[in-house]
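Working notes, beginning with the structure itself.
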Amino acid sequence: MSHIIHTEKMVAGGDCLAHINGKNVFVPFALPDEELEVEITKSFRDYDTAKITRILKSSPHRVEPFCPLYGTCGGCNLQHIDSEYQVELRKSILRECFEREGIQCPEIEIISGSDKNYRSRIQLTNGSFNKKASNELVNLENCPIATEEINTYLKNTAQNERANGRVHLFGDQRISSDSKVIIAEERERVSREIKVQGASSKRKEKLRLQANRHFAGTTLNQNNRCEINLLGKKIAFDVQGFFQSNLEVLEKTIEAVTRNMGGRNVLDMYSGCGTFSVFLADLFDKVCMVEHNRDAIVFAEENLRGKNHESFGLSGENWIKFSSEKYIENNGEFESVVIDPPRSGMEKEVCKWLCRSKIPQIRSVSCNPSTHARDASFLVKAGYHLSKLYLLDFYPHTAHIESLACFEYTD
């Protein structure tokens with residue numbers, strides 16, 4: 001059954017909101033202020049999802065996608081929108097998240113770069129991309145958002161010559177080695193579950209956690225090692241671990257994070273391989289890094305070699321419980337914090353500790369506007385002033401939003 005709808009706004013994830021008989025309907029590949037004929041694809045108690053069957057009134061910002069695989073490949077979901085308007089939509093979603101938490105936003109500044117050939121990292125399955133919302137594969141020889149180095153590999157490596165299984169590719173002109181593409185094959189992950197006859201579910205979970213003593217994340221392997229030149233610094237990381245995919249925007253983000261910073265003591269919470277710390281070490285007498293992924297800390301130690309620093313292979317919560325007091329006693333109070341948590345946001349204990357810390361400067365980076373706004377609301381209530389808010393436009397042609405919030409303690 002078809003319905004005629006009028007789209008209202010774009011929401012997190014890139015779908016547009018409309019209503020049918022008062023019920024929320026979310027429509028992919030739509031734009032705000034369009035009149036569409038749609039069919040319901042899934043129905044839930046509080047909302048429905050729908051697909052476009054006909055465009056009756058098109059937005060002036062609707063454009064022809066530049067990739068022939070758009071809509072089939074599981075990557076981009078905003079190529080049907082002109083680039084400038086995409087940025088405005090991502091910006092409005094970010095602003096709405098903060099305003100929903102009762103935060104008065106400053107004018108959101110944009111940090112962006114090229115909107116094509118920007119992505120340094122891709123993942124292939126048996127040499128192909130995955131189709132949208134499917135385990136089926138789509139073959140390709142070119143990806144318009146991937147770097148020229150990755151596209152050279154795709155063009156020159158036949159489908160049957162590419163590695164089987166899940167493969168991580170990192171390709172960029174900034175790679176230090178002669179080869180500008182690093183290929184890391186993902187090892188099969190085997191569950192190390194202990195089975196104990198008659199044990200309770202709680203006991204089984206405890207034993208399972210005991211068996212898996214290593215932190216989730218990268219597997220240290222020299223073949224997966226990548227070293228890049230970033231703003232004159234060499235930074236090494238594991239291609240299978242986390243590292244930003246848009247190096248042009250990353251360089252601009254580093255400059256924004258470290259601007260007007262300096263002093264004796266800085267904390268880099270959720271530091272990863274030490275990307276920010278490498279630059280903070282030039283501005284502060286000592287850098288403290290906290291990162292639960294101990295494999296990432298190995299690379300952080302390499303990247304900070306020769307700089308005055310201390311690293312902790314702990315979760316933020318455990319560092320606060322067991323190490324923070326002693327560290328501050330030995331080194332003095334922190335003057336600044338850079339914090340870049342996972343999508344789930346700051347751990348509760350980390351957020352509470354920051355709120356009562358009264359550290360003068362906090363630079364908060366996030367890959368989830370909802371949890372970023374939630375955590376920001378606690379800081380504002382604790383006396384921090386949100387002086388700047390940036391949209392970090394790492395991923396053009398997608399609905400993915402990253403942001404940087406700058407806080408100063410004002411009490």
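So here's what we get for this one:
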read-out: Qualifying residue in segment 110-119 (condition: more than 19 Å from residue 239 (Cβ to Cβ), of a type outside the set (D, E, K, R) and assigned to a helix (DSSP H, G or I)); value: no
read-out: Qualifying positions in segment 400-411 - touching a helix residue (DSSP H, G or I) at 6+ places or on another chain (Cβ under 7 Å) and within 20 Å of residue 93 (Cα to Cα); value: 401, 403, 404, 405
read-out: Tabulated pairs, segment 335-354, first within 19 Å of residue 404 (Cβ to Cβ), second in a loop (DSSP other than H, G, I, E, B) and hydroxyl-bearing (Ser, Thr, Tyr), C-beta under 7 angstrom, 6+ apart or interchain; value: 339/270; 340/270; 341/270
read-out: Considering residues of segment 282-294 that are of a type outside the set (Val, Ile, Thr) and buried (at least 22 other Cβ atoms within 10 Å of the Cβ) only, the residue nearest to residue 263 (Cα to Cα); value: 284
read-out: Wholly within segment 19-63, strands (runs of 3 or more DSSP E) carrying at least 3 residues that are charged (D, E, K, R) and surrounded by fewer than 18 Cβ atoms within 10 Å (Cβ to Cβ); value: 35-43, 47-57
read-out: Qualifying residues in segment 355-378 (those that are touching a Cys at 6+ places or on another chain (Cβ under 8 Å) and assigned to a helix (DSSP H, G or I)) - the one surrounded by the fewest Cβ atoms within 10 Å (Cβ to Cβ); value: 378
read-out: Qualifying residue in segment 161-184 (condition: free of Cβ contacts under 8 Å to residues at least 60 places away in the same chain, surrounded by fewer than 19 Cβ atoms within 10 Å (Cβ to Cβ) and aliphatic (A, V, I, L, M)); value: yes
read-out: Residue satisfying all of: in segment 152-181; within 14 Å of residue 140 (Cβ to Cβ) and in a loop (DSSP other than H, G, I, E, B); farthest from the chain's Cα centre (by Cα) among these; value: 158
read-out: Of residues in segment 67-103 being among the β-branched types (Val, Ile, Thr) and not in a helix (DSSP H, G or I), the one surrounded by the most Cβ atoms within 10 Å (Cβ to Cβ); value: 81
read-out: Residue in segment 258-276 that is farthest from residue 357 (Cα to Cα), counting only those that are β-branched (Val, Ile, Thr) and buried (at least 22 other Cβ atoms within 10 Å of the Cβ); value: 275
read-out: Test: residue 88 is out of contact with any strand residue (DSSP E or B) (no Cβ under 6 Å at 6 or more places or on another chain), free of Cβ contacts under 8 Å to residues at least 12 places away in the same chain and closer than 26 Å to residue 22 by Cβ; value: no
read-out: Some residue of segment 293-306 being modelled with pLDDT under 95, out of contact with any helix residue (DSSP H, G or I) (no Cβ under 8 Å at 6 or more places or on another chain), in a loop (DSSP other than H, G, I, E, B) and under 21 Å from residue 244 (Cα atoms); value: yes
read-out: In segment 323-346, the residues that are surrounded by 11 or more Cβ atoms within 10 Å (Cβ to Cβ), out of contact with any strand residue (DSSP E or B) (no Cβ under 8 Å at 6 or more places or on another chain) and assigned to a loop (DSSP other than H, G, I, E, B); value: 342
read-out: Counted residues, segment 359-411 - those being within 15 Å of the chain's Cα centre (by Cα) and without any contact (Cβ under 8 Å) to a residue 40 or more places away in the chain; value: 6
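The values are calculated or read from the model by the stated rules, or taken from the named source; none is laboratory data. This structure is a prediction, so every number in the text was calculated from the model and none was measured. Heads up, the Cβs are rebuilt from the backbone with ideal geometry, glycines too, and the neighbour counts pull from every protein chain shown.
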